[in-house]
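S.K.: This structure is in structure tokens; I'll ask about it shortly.
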Amino acid sequence: MMTDQTENKPKKPTHSVYFVKDKGTEKPEWIKTGVAWEHGDAEGLNLSLTVMGQKVSVTVRKNKPQAE
């Protein structure tokens, strides 16, 4: 069977996302709040988060140099 190279296949997340809760003098608590996938061009990430019970999608991209 032939396949197209641009075929989208679901990938497993490449990163986990945590909220770090400061507890004063104790060690901070790390609370898993989502997952992230690295972009194919290595210039950013797609995040899937759960915030206050709601699913939120976020895209993060590297800043490009500004022309002076």
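S.K.: Criterion first (surrounded by 10 or more Cβ atoms within 10 Å (Cβ to Cβ) and touching a Ser or Thr at 6+ places or on another chain (Cβ under 6 Å)) does L49 satisfy it?
M.R.: Spelling it out, L49 is indeed surrounded by 10 or more Cβ atoms within 10 Å (Cβ to Cβ) and touching a Ser or Thr at 6+ places or on another chain (Cβ under 6 Å).
S.K.: Quickly run through segment 50-68 and pick out the residues that are closer than 20 Å to G40 by Cα, among the polar types (S, T, N, Q) and in a loop (DSSP other than H, G, I, E, B).
M.R.: N63 - this is the single residue of segment 50-68 that is closer than 20 Å to G40 by Cα, among the polar types (S, T, N, Q) and in a loop (DSSP other than H, G, I, E, B).
Each reported figure results from applying straightforward, stated rules to the coordinates on display, with no laboratory input. Note that the coordinates shown come from a computational prediction; the quantities given were computed from them, not determined experimentally. All Cβ positions, even for glycine, are placed from backbone atoms using ideal geometry, and neighbour counts span all protein chains on display.
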